[in-house]
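Asker: Before I ask anything, here is the structure I am working with.
The values are calculated or read from the model by the stated rules, or taken from the named source; none is laboratory data. In this text the structure is predicted, and so the values were computed from the model without any measurement. FYI the Cβ positions are ideal-geometry reconstructions off the backbone, even for glycines, and counts take in every protein chain you see. Each accessible area value is taken on the protein alone, full model and side chains, heavy atoms only, with ligands, DNA and RNA left out. Shrake-Rupley method; radii C 1.70, N 1.55, O 1.52, S 1.80 Å.
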Amino acid sequence: MRAVVLVPVLKQARSAEKPTGESIPAPTRSNESRLEEAMGLARAIDLTVVEGLIVSINQPRPATLMGSGKIEEVKALLDHHDAGLVIIDHPLTPVQQRNLEKEWNAKVIDRTGLILEIFGRRASTKEGTLQVDLAHLNYQKGRLVRSWTHLERQRGGAGFMGGPGETQIEADRRMLQDRIVRLERELEQVVRTRQLHRAKRRKVPHPIVALVGYTNAGKSTLFNRITGAGVLAEDMLFATLDPTLRRMKLPQGRTVILSDTVGFISDLPTHLVAAFRATLEEVLEADLILHVRDMADPDNGAQSGDVLRILSDLGIDEKARDERIIEVWNKIDRLEPEAHDAILQKVAARKNVIPVSALSGEGVDALMDVISQRLSGVLTEATVIIPADKQAVVSWAYENAVVDGREDMEDGSVSLDLRLTDRQADELERKLGVLQGQVKEDWERD
């Protein structure tokens with residue numbers, strides 16, 4: 001379908017806002033960047049964008065958002081390009097959407113509707129489909145009055161004479177609400193299953209590393225580079241929707257779980273945030289969060305602010321961010337040589353920032369070393385003798401600790417020279433059972 005993309009710029013919108021007192025700075029995204037992003041969202045669902053316009057609005061009109069002159073200009077544009085769809089990168093009320101569709105004789109969708117459409121196409125798992133359906137129904141519920149032409153028809157009431165009965169819109173709303181309740185119940189079951197999976201992972205226990213970032217920042221490409229997985233990675237907004245988890249080995253031999261999550265975006269619809277909360281809570285469970293940023297994008301600073309705001313809404317405050325987040329400055333291969341060198345010099349004096357190219361592999365080894373150091377904590381050497389009847393502990397040691405030496409005894413026991421953290425030492429003691437305290441004694445003796 002051929003589409004025209006409009007980005008309304010409300011001149012007095014920003015000045016009218018009062019300071020919120022948040023520590024996260026407000027985004028300062030350029031209008032050109034907003035237009036490019038909106039056109040990218042449209043292309044993500046295979047629309048042919050024939051024209052993109054930045055529309056200045058002095059005073060928003062309650063009925064049509066924009067003035068009559070601009071409406072006529074867009075109508076002429078639609079006729080010229082034979083386009084049947086207008087995408088407005090701004091929230092629309094049901095009245096505004098209906099009036100604009102009448103004026104232009106074309107389908108009109110706002111930013112929320114466009115993102116919902118993209119998510120609907122990308123969802124591939126049962127959980128993802130349920131989340132998108134629920135978000136879409138909650139969005140549609142407020143617009144039902146404009147979605148039908150027969151809404152004032154009435155059904156007969158009870159009794160011989162009958163009464164005013166139930167209007168069609170009331171019946172449709174009731175049916176839609178029933179579907180919402182049914183989807184919420186199904187989603188609750190999926191959420192319980194996800195919680196069980198998390199509980200099992202805690203018992204292992206492998207540390208969890210979560211990838212977060214603005215959409216199209218290169219998270220899936222980095223995920224594939226680190227784990228060797230085949231997750232869809234394209235130069236496209238929201239190429240990945242459903243979360244993916246893989247085990248991977250760190251340089252020191254420790255096994256961790258890497259989680260690739262859905263990309264964030266500015267003005268993410270509240271319906272989606274609520275519906276995808278179970279998925280986004282994977283980030284809350286993570287021991288370490290990799291915030292992937294697209295350094296080749298001029299507006300990456302504003303994008304970073306959007307991501308940090310969503311993390312704050314999820315419950316990760318500023319203090320926790322310093323302890324749990326590593327910034328991964330991605331796509332440095334796209335920078336000019338001067339900008340590339342400037343990035344390397346800038347991060348040299350900063351902690352928790354690693355420049356990488358997920359596409360070429362530059363900086364990925366350094367990132368893996370930093371992840372290993374952050375998760376391992378202070379490693380202390382210890383020698384542990386594992387009896388013959390507890391050989392399963394040997395496999396656990398190879399997966400979770402750093403094994404520097406091994407000696408197989410004649411009686412079937414195994415002596416391992418290990419480097420462990422405090423938590424790993426406690427876990428090893430629990431697995432050895434009758435040898436409680438041996439690890440700590442060897443630890444102190446070494």
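Asker: For an R0 of 51 angstrom, estimate the FRET efficiency from the Cβ-Cβ distance between Glu410 and Glu362 and round to the nearest 0.05.
Answerer: Details: r = 50 Å, r/R0 = 0.98.
Efficiency, rounded to the nearest 0.05: 0.55.
Asker: Next up: Taking 56 Å as R0, compute the FRET efficiency from the Cβ-Cβ separation of Ser395 and Asp333 and round it to 0.05. All intermediate terms of the calculation are to be shown ahead of the outcome.
Answerer: Working: r = 39 Å, r/R0 = 0.70.
Given R0 = 56 Å and the Cβ-Cβ separation, E is 0.90.
Asker: Given 25 °C and 0.890 mPa s, how large is the Stokes-Einstein diffusion coefficient of segment 332-435 in µm²/s, with Rh as the Kirkwood radius over Cα pairs?
Answerer: Translational diffusion coefficient: 148 µm²/s.
Asker: Check Leu418: other-chain or 5+ apart residues with amide H under 5 Å from its amide H, H built from backbone geometry?
Answerer: Residues meeting the criterion, in which the H sits 1.01 Å from N, are Ala382, Thr383, Val384, Asp404.
Asker: For Glu285 and Glu186, FRET efficiency with R0 = 22 Å and r from the beta-carbon atoms, rounded to 0.05?
Answerer: My answer for the efficiency is 0.45.
Asker: Pairs Lys107/Lys219; Lys141/Lys219; Lys126/Lys219; Lys102/Lys141; Lys75/Lys141; Lys11/Lys219: which are spaced more than 31 Å apart, C-alpha to C-alpha? Walk me through the numbers on the way to the answer.
Answerer: Details: Lys107/Lys219 33 Å; Lys141/Lys219 34 Å; Lys126/Lys219 22 Å; Lys102/Lys141 21 Å; Lys75/Lys141 29 Å; Lys11/Lys219 34 Å.
Among Lys107/Lys219; Lys141/Lys219; Lys126/Lys219; Lys102/Lys141; Lys75/Lys141; Lys11/Lys219, the Cα-Cα distance tops 31 Å for Lys107/Lys219; Lys141/Lys219; Lys11/Lys219.
Asker: So, in Å, what gap is there between the alpha-carbon centers of segment 117-131 and segment 341-393?
Answerer: A separation of 34 Å, based on Cα centres.
Asker: Could you tell me what percent of the accessible area of segment 380-432 is made up of carbon and sulfur, with a 1.4 Å probe and every protein chain present?
Answerer: Accessible surface attributable to carbon and sulfur in segment 380-432 totals 43 percent.
Asker: Could I ask something else about it? How much area per residue is accessible in segment 380-432 when the probe is 1.4 Å and only protein heavy atoms are counted (Å²)?
Answerer: Details: 2640 Å² over 53 residues.
It amounts to 50 Å² per residue over segment 380-432.
Asker: I would also like to ask the following. Quick check: at a probe of 1.4 Å, how many percent of the accessible area of segment 85-132 sits on carbon and sulfur atoms?
Answerer: Summing carbon and sulfur atoms, their accessible area is 49 percent of the total for segment 85-132.
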